[in-house]
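What follows is a set of notes on a single structure, which appears directly below.
The values are calculated or read from the model by the stated rules, or taken from the named source; none is laboratory data. Everything numeric here is computed off the predicted structure, so don't read it as measured data. Virtual Cβ from ideal backbone geometry, glycine too; neighbours counted across all protein chains shown.
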């Protein structure tokens, strides 16, 4: 298993994008919500406004784009932290149910 720092620059970029896509999907599905009162950044309010804007424009399928327009820096920062906290398998390693099998 490799850490984020052991990946090539291209692999790091890909890992960040995968984490961003997963984060966006969880946000749109309502599986992740942010506590604006504790965080004092109004991220959840900005996300909800972006989703509402996509619905008002009758383009809810573009919610991800509206959210990124409103919160890209915040979400990319979270995705980077997720990518840095992850482990990555090599071509000779297989991950099965959270256990590394070699």
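Mind counting the residues in region 33-55 that are in contact (Cβ under 8 Å) with a residue 12 or more places away in the chain, over 10 Å from residue 70 (Cβ atoms) and in contact with a helix residue (DSSP H, G or I) (Cβ under 6 Å, 6 or more places away or on another chain)?
2
Among the residues of region 1-21, write down those that are part of a helix (DSSP H, G or I) and surrounded by 15 or more Cβ atoms within 10 Å (Cβ to Cβ).
If the condition is that a residue be part of a helix (DSSP H, G or I) and surrounded by 15 or more Cβ atoms within 10 Å (Cβ to Cβ), then 4, 12, 15, 16, 19, 20 are the ones that fit.
Please go through region 28-50 and pick out each residue that is assigned to a helix (DSSP H, G or I) and either surrounded by fewer than 11 Cβ atoms within 10 Å (Cβ to Cβ) or modelled with pLDDT under 95 (or both).
28, 29, 36, 37, 38, 39
If I ask for residues that are assigned to a loop (DSSP other than H, G, I, E, B) and surrounded by 13 or more Cβ atoms within 10 Å (Cβ to Cβ), which ones from region 51-87 would you list?
Listed by number, the list holds a single entry, 86.
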